[in-house]
Amino acid sequence: MHDPEVLILDEPFSGLDPMAVEVVAAVLQQRAAQGASVLFSSHQLDVVERLCDDLVIIADGRVRASGPRERLRAENSSPAWELVTRGDAAWLRDVPGIRVREFAGGTAVFEGDEEAAQAVLRRAVAESTVVSFAPKVPTLTEIFQEVVR
C-alpha cells in the first residue's frame, strides 16, 4: 500500500473473524499513529469504541450525535453505578435518591448522584461483603440506542 494521508473505509471489519479484525484494527491504528486520518463506518460498535476518539452516530440519514467519545458518554448518560455484593442487595430498591436500572441478587446497576452513591456504598458495606463498586460507563451500543430512540 502506498502512504495515504487519508483512509476512508466502509465496514472494514464486516465478515472478518476475530483474529482478522485485530489485524485490520492494528493496521488502522498504525496508520493513524503515522499521521493518516482514518474515517470508517461500522456497525461493530465494540470495535469502533476501542479504536475511535471522535464519533458520529447517524440514523435515518441524520447525525444524531457527534464528538469525542468521552463527551458523548457524558452527554448521553445519567450518573450510574454498579454494585456487586456477596449477599442479596434487595434493600437497594428502598434507598432514596436512586433509580435501580438492573438488579439480580447481589448485583445491581443504579442511577444517582455522588452523594446517593456513597450512601449506597455505606449501606452495602454494612449489609454484606462488597465485591466491587464503580461508576458504570455506558458502552457505545448503549449510547447509540439512547440517541436513535
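A short reminder: the numbers here are calculations on the coordinates, not readings from a lab. Please read these numbers as outputs of a predicted model, since none were measured by experiment. FYI the Cβ positions are ideal-geometry reconstructions off the backbone, even for glycines, and counts take in every protein chain you see.
Values for this structure:
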quantity	calculated
Segment residue 32-residue 66, length gained on full extension (0.36 nm per residue, minus Cα span)	10.3 nm
At R0 = 30 Å, FRET efficiency that the Cβ-Cβ distance of residue 91 and residue 145 yields, to 0.05	0.55
Residues in segment 127-149 reached by a label modelled at residue 59 [backbone nitrogen below 17 Å; 7 Å Cα→Cβ]	138-149
Kirkwood Rh and Cα Rg combined as Rg/Rh, segment 6-74	0.96
In Hz, Karplus ³J(HN,Hα) per residue of segment 132-149 (6.51, -1.76, 1.60; θ = phi - 60°; x = Gly, Pro)	7, 8, 7, x, 9, 8, x, 7, 5, 4, 5, 5, 4, 4, 5, 7, 8, 5
Sequence-distant residues sharing a close amide H with residue 55 (under 5 Å, placed H)	67, 69
Extension reserve of the residue 46-residue 137 stretch, reckoned as 0.36 nm per residue once the Cα distance is removed	31.4 nm
In Å, descending, principal axis extents of the Cα set of the chain	62, 33, 27
